[in-house]
């Protein structure tokens, strides 16, 4: 442990009734929701939990990419939060109009202003929300996605892609940094045929989007370079039901038409990529007999006690499917909020995975 950083945090959180090393050790293992309650109890704990060194230490010791729930963004109404634990939701920031993207506990949101669209970064856990500086190419915006890895830094970036003024076939990247609180152009306009910005996944230091011929697009946030990465050879994008990250790996879930044709049930293949160099491997082939004759979509893949769990959207319901046990559990039904849709990659409703974080939005 860095002794200088340790002395700084302990000096800021002196408590005569506690051994200071023990207090730092114990609190760094607690869940975020507990820490937020302790933070309000006294100035000593507020100083401890607000310290950047403590926040970084806590992030390193938290389960990596542990998902606490999902925000469902309704374009005609407010956002809904579905918890993976006890069903208790958290309130969305009142002044955000639409959730554009989520990444490790931070939300990128938009709100229409009198003259232009305004964009915000929000942390629902700490109830912080800051407005981003105005973009120079607002009318041609394609996407705005957050790149934030709490295990490496408390700083975050926002990756914006817009259509070039020279040609609508060309794209331009602009990057916001929380360190400078400003935007800057990255590189030169480039072409990315068939890229889909409806689903962005930050993984392995890169922002990733589906699209292309047998590949997906990946933008390295630090090196600021766009590249294409092959998809599984057997995969058709038309059959893709889910594209996301869990436990430091990238995942794809797709319908396997070949196996499904042999039975009356839907067969899903779950692909995993642990690194760009490792390529794809099939980790599960699932026959979903439990959802026979029901429309559904996969909106998430999470780990629960080391086992893979698919989050399924069905009319009026959101269910959890435990892959190993082949059992269903109910997370949500329409009696709670009245959501009458099947969510998916092509749905007007957007599903954003969410995990609690202590990340401060201002330095």
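The values are calculated or read from the model by the stated rules, or taken from the named source; none is laboratory data. Predicted, not measured: the structure shown is a model, and the values here were computed from it. Heads up, the Cβs are rebuilt from the backbone with ideal geometry, glycines too, and the neighbour counts pull from every protein chain shown.
Observations, loosely collected:
- Residue among 148, 176 that alone is in contact with a strand residue (DSSP E or B) (Cβ under 8 Å, 6 or more places away or on another chain), surrounded by 15 or more Cβ atoms within 10 Å (Cβ to Cβ), touching a residue at least 40 places away in the same chain (Cβ under 8 Å) and closer than 21 Å to residue 249 by Cβ: 148
- Inclusion of residue 218 among residues that are without any contact (Cβ under 8 Å) to a residue 60 or more places away in the chain and in the same structural domain as residue 151 (by TED's automatic domain parsing) is warranted.
The rows are residues; the columns are (1) farther than 30 Å from residue 110 by Cβ; (2) outside any loop (DSSP other than H, G, I, E, B); (3) at pLDDT below 80; (4) not assigned by TED's automatic domain parsing to the domain that holds residue 357.
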position: 29; (1), (2), (3), (4): yes, no, no, yes
position: 33; (1), (2), (3), (4): no, yes, no, yes
position: 53; (1), (2), (3), (4): yes, yes, no, yes
position: 76; (1), (2), (3), (4): no, no, yes, yes
position: 85; (1), (2), (3), (4): no, no, yes, yes
position: 90; (1), (2), (3), (4): no, no, yes, yes
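- Of all residues in region 156-169 being touching a strand residue (DSSP E or B) at 6+ places or on another chain (Cβ under 8 Å) and modelled with pLDDT under 90, the one that is nearest to residue 60 (Cα to Cα): 163
- Set 103, 42: member being in the same structural domain as residue 179 (by TED's automatic domain parsing) and at pLDDT 65 or above: 103
- Filter result (in a helix (DSSP H, G or I) and loosely packed, with under 15 Cβ neighbours inside 10 Å) within region 35-51: 37, 43
- Among residues that are modelled with pLDDT under 90, within 23 Å of residue 350 (Cβ to Cβ) and either in the same structural domain as residue 189 (by TED's automatic domain parsing) or under 21 Å from the mean Cα position of the chain (by Cα) (or both), residue 254 is not included.
- Scanning region 259-297 for residues that are on the phi < 0 side of the Ramachandran plot, at pLDDT below 90 and in a loop (DSSP other than H, G, I, E, B) returns 261, 262, 263, 264, 265, 292, 294, 295, 296.
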